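Data first, discussion second: the structure below is written as structure tokens.
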Amino acid sequence: MTLNRVHDMVTIREGDEKITLTVNGDAMHMVAGLNRAQAKMKDITEDSPDETVKEAAEYFAAVLFGKDQAAQLMAFYADDPGCVITVCGQYFKDRLAGKISKIQRRANA
């Protein structure tokens, strides 16, 4: 029996500093959240206020890692939303997308 949750751990290194984050979420809810995060990021333009960009980055990170770890990640990158969006996107592309797909295939089998 499984509840189709995604479990993972990722360590992000920048120079001598590192942060380890844990993923533990329902795959279907994560997909819905990722779709909302993508919509928020598509609305960002060069003229978007800094706070709007920061909110989109925090939302994206929270979908993946939860609110507390998203705040830690934002602090790790000195409140730079571009870095947070980039690292979250890279993690999703390189690892998380495959894990979610595997769970979805298993759930539909």
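The values are calculated or read from the model by the stated rules, or taken from the named source; none is laboratory data. Bear in mind the structure is a predicted one, so any value in this text is a computation, not a measurement. Cβ atoms come from the backbone with ideal geometry, glycine included; neighbour counts cover every protein chain shown.
Listed here are the residues, each with its yes/no results for (1) in contact with a helix residue (DSSP H, G or I) (Cβ under 7 Å, 6 or more places away or on another chain); (2) of a type in the set (Phe, Trp, Tyr); (3) under 21 Å from Met9 (Cβ atoms).
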| position | (1), (2), (3) |
| --- | --- |
| Gly33 | yes, no, yes |
| Arg36 | no, no, no |
| Thr45 | no, no, no |
| Glu55 | no, no, no |
| Phe60 | yes, yes, yes |
| Lys67 | no, no, yes |
| Ala70 | yes, no, yes |
| Leu73 | yes, no, yes |
**Request:** Quick one: count up the residues across segment 25-38 that are without any contact (Cβ under 8 Å) to a residue 40 or more places away in the chain and closer than 22 Å to Ala71 by Cβ.
**Result:** 7
**Asked** Do you know which residues across segment 5-14 are at pLDDT 95 or above and out of contact with any Ser or Thr (no Cβ under 6 Å at 6 or more places or on another chain)?
**Response** Asp8, Val10, Ile12, Arg13, Glu14
**Asked** Among all residue pairs at least 6 apart or on different chains, which show Cβ distances below 9 Å where the first residue, located in segment 48-63, is modelled with pLDDT under 95 and of a type in the set (Gly, Ala, Ser) and the second is crowded, with 16+ Cβ neighbours inside 10 Å and part of a helix (DSSP H, G or I)?
**Response** Ser48/Ala56
**Complete:** Sole miss for Lys102 among (1) touching a residue at least 40 places away in the same chain (Cβ under 8 Å); (2) more than 12 Å from Leu34 (Cβ to Cβ); (3) not hydroxyl-bearing (Ser, Thr, Tyr) is condition (1)
**Fill in**
The one condition Val87 fails out of (1) touching a Phe, Trp or Tyr at 6+ places or on another chain (Cβ under 8 Å); (2) within 15 Å of Arg5 (Cα to Cα); (3) touching a residue at least 60 places away in the same chain (Cβ under 8 Å) is (2)
